[in-house]
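The values are calculated or read from the model by the stated rules, or taken from the named source; none is laboratory data. Because the structure is a prediction, the values reported are computed rather than measured. Every residue, glycine as well, gets a Cβ built from its backbone with ideal geometry; the counts of neighbours run over all protein chains shown.
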Ligand SMILES: [Zn+2]
């Protein structure tokens, strides 16, 4: 299930400063989350359509079942967070963007943000309203809800991810449908503070101040936190795939207990590798041999005939080149498994598919062919250009540029070589998704990835998930 969820930040009301009577925060082990029903009569939470109870949800109308699912997600967060101030979520079901094959499931964000209030842990940084209330010990604006959340009322209807509905049960037994409690838990996470208020597309901070979030974002290429960058550096960092990481202590400490070891990589070395020497992100194939920690190593040799797409059986120089080597083949014209099978038939021990469109990270390789037994991976167009430059002086059978298709067992899936968890920074930029989610390379899958995976639990804490540790890092 790869249904896109957009975290649409709402227009934040900027409060330059605020002060008031500081109440002593009560030491509680819980928080109260109140769902404020924003729907009009007869629709959304008030939809009177009669339905049968499902998966532990006893509601008998569609509206009541929706409310029950909301309360289940609210209760999960309420049992996890600590705050003496009630958190109010103004919620509606309404039509949101969709097509027959994709849909915005929901969106949520903080309604207001505050900085430099009494007790603020980090000066000069924006805090979302619910977190401000927790730290300050009182609601800075009782007239306004803390979180605004919208969910798609049309999901599953014709033209809106047709036939895939929200599962309204509370037991996560969603089958081929989208688990509403999971989506709600994700969106409430954004509203609680799992988001930056900085514009990742331009790099501009909101009203000239960073979000508390930005204090924990570090770009590993320039070795700077977002708070120390120019707008242009932040905009570049938002596109720096898998090089923007979270440096908060709680997430970093929890990551080894949640993420599994093993990152699929292409490692390039050898006497002729030159500037191409290094590790490259790869997409993995749904057919052929899975990558192993030992990996497969051989010279990289490009297929060149007919645009290098390998859609017909390889002959002549191409067949000679890939035999006992790793074939570099261009995407396009035919399916991935056909290309890999043609290379295998010519004696290749592995395949690298070079994307033909710019963008990162490299997507996986789909397809099915039980007769394919060699491993194959996909790399970005940019990385392929770098590697090709090192192949210019190859012979007919060797290049001196050695590829190792491997599963790096020393690295956590979703973290970098230093153990910092990677944030989602695809290129091109994805408004509403970039920066304010964990990277899709994470495994196990995390609640706060940009798309909902079918194997998620309802948990927000380790060992199942890393959402709460991030909120702890920002002050929860
Ligand atoms: Zn999201």
Legend entry - Filter result (surrounded by 14 or more Cβ atoms within 10 Å (Cβ to Cβ) and either part of a loop (DSSP other than H, G, I, E, B) or free of Cβ contacts under 8 Å to residues at least 12 places away in the same chain (or both)) within the stretch 287-299: 287, 288, 289, 291, 295
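Residues 215, 199: which one is in contact with a helix residue (DSSP H, G or I) (Cβ under 8 Å, 6 or more places away or on another chain) and either in a loop (DSSP other than H, G, I, E, B) or more than 16 Å from the ligand (Cβ to nearest atom) (or both)?
Details: 199 fails: in contact with a helix residue (DSSP H, G or I) (Cβ under 8 Å, 6 or more places away or on another chain).
Exactly one of 215, 199 is in contact with a helix residue (DSSP H, G or I) (Cβ under 8 Å, 6 or more places away or on another chain) and either in a loop (DSSP other than H, G, I, E, B) or more than 16 Å from the ligand (Cβ to nearest atom) (or both), namely 215.
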Legend entry - Of all residues in the stretch 55-80 being outside any helix (DSSP H, G or I), out of contact with any helix residue (DSSP H, G or I) (no Cβ under 7 Å at 6 or more places or on another chain) and in contact (Cβ under 8 Å) with a residue 40 or more places away in the chain, the one that is surrounded by the fewest Cβ atoms within 10 Å (Cβ to Cβ): 56
Legend entry - Given (1) at pLDDT 95 or above; (2) touching a strand residue (DSSP E or B) at 6+ places or on another chain (Cβ under 6 Å); (3) not in a strand (DSSP E or B), number of the condition residue 222 does not satisfy: (2)
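Quick check on residue 293: is it at pLDDT below 95 and at negative phi? Spell out how you get there, then give the answer.
Values: at pLDDT below 95: yes; at negative phi: yes.
Here the answer is yes, as residue 293 does meet what is asked.
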Inset, instruction - Please tell me if residue 471 is within 16 Å of the ligand (Cβ to nearest atom), under 15 Å from residue 251 (Cβ atoms) and either over 17 Å from the mean Cα position of the chain (by Cα) or not in a loop (DSSP other than H, G, I, E, B) (or both). - result: yes
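Condition first: in a loop (DSSP other than H, G, I, E, B) and modelled with pLDDT of 95 or more. Now tell me which residues in the stretch 145-166 satisfy that.
Across the stretch 145-166, the qualifying residues are 145, 146.
Please specify each residue of the stretch 84-96 satisfying the condition of being over 18 Å from residue 180 (Cβ atoms) and in a loop (DSSP other than H, G, I, E, B).
Here is the first cut: in the stretch 84-96, the residues over 18 Å from residue 180 (Cβ atoms) are 84-88.
Scanning the stretch 84-96 gives 84, 85, 86.
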Inset, instruction - Could you tell me which residue of the stretch 132-149 is nearest to the chain's Cα centre (by Cα), considering only residues that are crowded, with 23+ Cβ neighbours inside 10 Å and free of Cβ contacts under 8 Å to residues at least 60 places away in the same chain? - result: 146
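Out of the residues in the stretch 448-462 meeting the condition of being in a loop (DSSP other than H, G, I, E, B) and closer than 15 Å to residue 435 by Cα, tell me which one is farthest from the ligand (Cβ to nearest atom).
In the first step, residues of the stretch 448-462 are kept if they are in a loop (DSSP other than H, G, I, E, B); the result is 448-450, 453-462.
From the residues that got through so far, the ones that are closer than 15 Å to residue 435 by Cα too are 448-450.
Values: 448: 7, 449: 8, 450: 6 Å.
If we take residues in the stretch 448-462 being in a loop (DSSP other than H, G, I, E, B) and closer than 15 Å to residue 435 by Cα, then 449 is farthest from the ligand (Cβ to nearest atom).
Check whether at least one residue in the stretch 316-329 is assigned to a helix (DSSP H, G or I) and under 16 Å from residue 379 (Cβ atoms), and report yes or no.
Just the residues of the stretch 316-329 that are assigned to a helix (DSSP H, G or I), to begin with: 316-322.
Cutting the leftovers down to under 16 Å from residue 379 (Cβ atoms) gives us none.
No: zero hits.
I'd like to check something: does the stretch 182-191 contain any residue that is part of a helix (DSSP H, G or I), under 28 Å from residue 91 (Cα atoms) and more than 16 Å from the ligand (Cβ to nearest atom)? Give the derivation first.
Filtering the stretch 182-191 for residues part of a helix (DSSP H, G or I) gives 182-191.
Then keep just the ones that are under 28 Å from residue 91 (Cα atoms); that gives 182-191.
Filter again for more than 16 Å from the ligand (Cβ to nearest atom), leaving none.
The answer is no; no qualifying residue exists.
For residues in the stretch 446-468 being out of contact with any strand residue (DSSP E or B) (no Cβ under 6 Å at 6 or more places or on another chain) and farther than 19 Å from residue 252 by Cβ, which is surrounded by the most Cβ atoms within 10 Å (Cβ to Cβ)? Even if it seems obvious, please write down each step before you answer.
Within the stretch 446-468, the first condition is being out of contact with any strand residue (DSSP E or B) (no Cβ under 6 Å at 6 or more places or on another chain), and the residues that meet it are 447, 450, 453-468.
Adding the requirement that they be farther than 19 Å from residue 252 by Cβ leaves 450, 453-459.
Values: 450: 21, 453: 17, 454: 16, 455: 9, 456: 23, 457: 14, 458: 18, 459: 15.
Step by step, filter the stretch 446-468, then rank; the result is 456.
This table checks each residue for (1) within 20 Å of the chain's Cα centre (by Cα); (2) within 29 Å of residue 465 (Cβ to Cβ); (3) not in a strand (DSSP E or B).
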residue	(1), (2), (3)
234	yes, yes, yes
242	yes, yes, yes
245	yes, yes, no
254	yes, yes, yes
262	yes, yes, no
267	no, no, no
Legend entry - Condition met for residue 83 (in contact with a helix residue (DSSP H, G or I) (Cβ under 9 Å, 6 or more places away or on another chain), away from the ligand (no atom under 16 Å from the Cβ) and either within 22 Å of residue 432 (Cα to Cα) or without any contact (Cβ under 8 Å) to a residue 40 or more places away in the chain (or both)): no
Inset, instruction - Mind telling me which of the residues 122, 35 ends up being more than 16 Å from the ligand (Cβ to nearest atom) and in a loop (DSSP other than H, G, I, E, B)? - result: 122
Inset, instruction - List the number of the failed condition for residue 154; all other conditions in (1) in contact (Cβ under 8 Å) with a residue 60 or more places away in the chain; (2) over 30 Å from residue 475 (Cα atoms) hold. - result: (1)
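Could you list all residues from the stretch 251-268 that are buried (at least 16 other Cβ atoms within 10 Å of the Cβ) and either farther than 18 Å from residue 439 by Cβ or touching a helix residue (DSSP H, G or I) at 6+ places or on another chain (Cβ under 9 Å) (or both)? So that I can check it myself, show each step before the final result.
Filtering the stretch 251-268 down to residues buried (at least 16 other Cβ atoms within 10 Å of the Cβ) leaves 251-252, 254-255, 258-259, 262-268.
251, 252, 254, 255, 258, 266, 267, 268, listed by residue number.
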